[in-house]
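The values are calculated or read from the model by the stated rules, or taken from the named source; none is laboratory data. It should be emphasised that the depicted structure is a prediction, and the values quoted were computed from it without experimental measurement. Glycine gets a Cβ as well: all are built from the backbone with ideal geometry, and neighbour counts include every protein chain shown. In case anyone asks, the SASA skips ligands and DNA or RNA and just uses the protein heavy atoms, side chains included. Shrake-Rupley method; radii C 1.70, N 1.55, O 1.52, S 1.80 Å.
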Amino acid sequence: MTVRRSCLVVPGHQAKMHVKALGAGADEVVFDLEDAVAAGSKAAAREQLAQTLAAAEWKERRVAVRVNAAGSAEQAADLATCAAAGHDGLTIVVPKVQAPADVVAAAAVAPVQALVETPEGLAAAGAIAAHPSVVTLILGYADLAASLGRRGAERDLDRWLVAQETVLAAARIGGAQAIDGPFFGLRDDRGVSEAARAARELGFDGKWAIHPAQVAPINAAFAPSSRERRWAQAVTVAVAGASSAGGAAATVDGAMVDEAMARQAHRLLALPYEDEPAPEAPRHRVAAPYYEELRRGQTFRAPGLTLTSGHAALHQSIVGDRLRLSLDGPLCEAVTGTPGLLAHPMLVCDIAIGQSTAPSARVLGNLFYRGLGARPVPVGTTLRTTTEVVARRDASRGRGIVALRVTTVDAHGEPILDFWRAPLLPSRSASPGDDADDLTAIGQPVDVAGLIPRGWDLGPLREEPLGSLFIALREGDTYDIEAAETVTAATELARLSLNLAHTHTDASAGAHGERLVYGGHVIGVAAAHVTRALPDLATILAWESCDHLGPTFEGDRLHSRIEITGLEGQDDGGLVRLRVRSAATGGDGVARDVLDWRLIALMP
């Protein structure tokens, strides 16, 4: 009998399953009239089987019929159906074979495959295999496990080694093939592949499949590799040559081979074989880390970015800022002594934040920023950012907070930005761990005096002021910006700043069912509101703190209240401490607080 790698079992009464079996690629299809068919449907199953086997497409296929057990009321009718089918390649699977006598009736119709699935059958396996009409022994796990009282053993290969060796040895002694029983896990390609490989390594010729999806991994496991076929062909030729010369052994690939290995070689060459497809190119998954995959001390680097006039123009068009030194080249040169424009401090911050998002691309929301100090730089400066994980704190509902320290330098290694931020991230598990770092200790005060540009002359800003200068400001003064700013181009700003956070570009990535606006966008609009209140502001030097109070979405209208919380005179102008509280109004018309930002700016 031709060796079969895969034997696909299908219910005898289900015509749709018969059609699917045709294209499944199994070496043999087994039509089940026993366990797969209810007692009241046996006659209908036989009628359906007769129709299927009469179809032209089945005439050349290798098929078997699992009849009901010897002594049952249904076996005679099952065997009559098989005899009437007139199918030359048909064999009969007899279940629950416990002695050679159990196959006699079936043997009168066609060659028999004996299903060993009881302790009695296991004990008599040798005698069963010795029956001249038995061409195959099949090990049946489910009924054997029930008979032995085993629980949970169906998927544990090691527990079946004795039964497997018994059936295998009996088959080899009797000159029959040995087919391993089915793997019961569905949609588990790895499990069925492991079970098939284990059966093959033991010496089984093939394995039953109970679902079309199992056929391919079983075929792959039992099919000889190209290397094995080359070895088998070489062994066959070498042993035949040695025999014709009066010898019994030969050498292949530096190892001795003999008649026993030649038999193994013949068995390999008898297996169905398909040319191995060219190996697929490796597939690599590019994915962001979850909370528990981040560790203190991990560092991340991003591509450097040289600020251009294009970046500056797009940023200004999105947030609508009116910072004079970022708009007026001659004025900027007069104040800074450097030709060109000042890179807007919010553009610089946006890029640095975006460069820091590799560890936080799965962010659900950024909770706060701390201790941000920004050295003013011109357009044309290159920003290079390093991000370090410095703290972790578990949160509720399978989430965690990580504290990140973000450091940005220019192309010469000179510091530009240094700050901390705290993204909230999802965890793979409901209980990610027991980290409880104190996030209130994150960050440190900014040395603002060290950030004031030496050599700047704020006089040109005072010559034609557009609003109140430092000398006219009073602590406690408050500015309510009447005109709201509608959030647009949120995705474009995220991309401009190299921000990798999924929630800013993929509506399915967040908890709200729509894209979340990048927090830097909200801060940028708030900064634009500041320049409406204080149009002569020279630059923003530091963020004392920045807390995101709620989500913002595309199309929301942002409005801000700005309060002067402190004033500190300098030799030229002064430092003004501001608190900006912003609210967003969506389509429902309800305002919600989204930002509480404390910053320090330089005023003429």
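For every residue, the table says whether it meets (1) modelled with pLDDT under 95; (2) open to solvent by 20 Å² or more (accessible area, probe 1.4 Å); (3) in a helix (DSSP H, G or I).
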| residue | (1), (2), (3) |
| --- | --- |
| Gly433 | yes, yes, no |
| Asp457 | no, yes, no |
| Ile471 | no, yes, yes |
| Arg474 | no, yes, no |
| Thr491 | yes, no, yes |
| Arg495 | yes, yes, yes |
| Thr503 | yes, no, yes |
| Ala527 | no, no, yes |
With the checklist (1) more than 20 Å from Lys20 (Cβ to Cβ); (2) at pLDDT 95 or above in hand, flag the one item Ala84 doesn't pass.
(2)
It is to be established whether one or more residues within the range 231-249 are of a type outside the set (S, T, N, Q), open to solvent by 90 Å² or more (accessible area, probe 1.4 Å) and under 23 Å from Ala26 (Cα atoms).
no
So how many residues does the range 287-300 have that are closer than 17 Å to Gln355 by Cα and open to solvent by 100 Å² or more (accessible area, probe 1.4 Å)?
0
Any chance the range 313-325 includes a residue that's small (Gly, Ala, Ser), in contact (Cβ under 8 Å) with a residue 40 or more places away in the chain, out of contact with any strand residue (DSSP E or B) (no Cβ under 7 Å at 6 or more places or on another chain) and more than 28 Å from His512 (Cβ to Cβ)?
no
Name, by its number, the condition in (1) part of a helix (DSSP H, G or I); (2) in contact with a Gly (Cβ under 9 Å, 6 or more places away or on another chain); (3) under 21 Å from Arg159 (Cβ atoms) that does not hold for Asn219.
(3)
Select, from Leu341, Leu331, the only residue that is among the aliphatic types (A, V, I, L, M) and in contact with a strand residue (DSSP E or B) (Cβ under 8 Å, 6 or more places away or on another chain).
Leu341
Considering Glu228, Glu201, Glu154, which residue is at pLDDT 80 or above and not basic (Lys, Arg)?
Glu201
Hits in the range 435-455 - residues which are among the polar types (S, T, N, Q) and in a loop (DSSP other than H, G, I, E, B):
Gln444
If Thr552 satisfies all but one of (1) more than 24 Å from Ala288 (Cα to Cα); (2) β-branched (Val, Ile, Thr); (3) touching a helix residue (DSSP H, G or I) at 6+ places or on another chain (Cβ under 8 Å), what's the number of the condition it fails?
(1)
Report, by residue number, each residue of the range 443-455 that is open to solvent by 100 Å² or more (accessible area, probe 1.4 Å) and more than 48 Å from the chain's Cα centre (by Cα).
Arg454
Considering only residues of the range 250-261 that are of a type in the set (A, V, I, L, M) and not in a helix (DSSP H, G or I), which is most open to solvent (accessible area, probe 1.4 Å)?
Met256
Residue, surrounded by the fewest Cβ atoms within 10 Å (Cβ to Cβ), within the range 320-373, restricted to residues that are over 23 Å from Thr531 (Cβ atoms) and in contact with a Phe, Trp or Tyr (Cβ under 8 Å, 6 or more places away or on another chain)
Ala358
Criterion violated by Tyr369 - all others in (1) of a type in the set (Ser, Thr, Tyr); (2) at pLDDT 90 or above; (3) within 20 Å of Gln298 (Cα to Cα) satisfied:
(2)
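Looking only at the range 505-525, how many residues end up being part of a loop (DSSP other than H, G, I, E, B) and over 17 Å from Gly320 (Cβ atoms)?
So the count comes out to 8.
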Do we find that Thr386 is within 39 Å of the chain's Cα centre (by Cα), crowded, with 23+ Cβ neighbours inside 10 Å and not hydrophobic (A, V, I, L, M, F, W, C) in this structure?
no
Among (1) surrounded by fewer than 18 Cβ atoms within 10 Å (Cβ to Cβ); (2) touching a Leu at 6+ places or on another chain (Cβ under 9 Å), which single condition is Phe222 missing?
(1)
Of the conditions (1) in a helix (DSSP H, G or I); (2) touching a helix residue (DSSP H, G or I) at 6+ places or on another chain (Cβ under 6 Å); (3) within 26 Å of Ser360 (Cα to Cα), Phe300 fails just one. Which one is it?
(1)
Which ranges mark the strands (runs of 3 or more DSSP E) fully within the range 6-97 that have 2 or more residues being under 22 Å from Ala213 (Cα atoms) and open to solvent by less than 30 Å² (accessible area, probe 1.4 Å)?
6-11, 28-32, 63-66
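Name the residue that is nearest to the chain's Cα centre (by Cα), counting only residues in the range 541-570 that are small (Gly, Ala, Ser) and not in a strand (DSSP E or B).
Result: Gly550.
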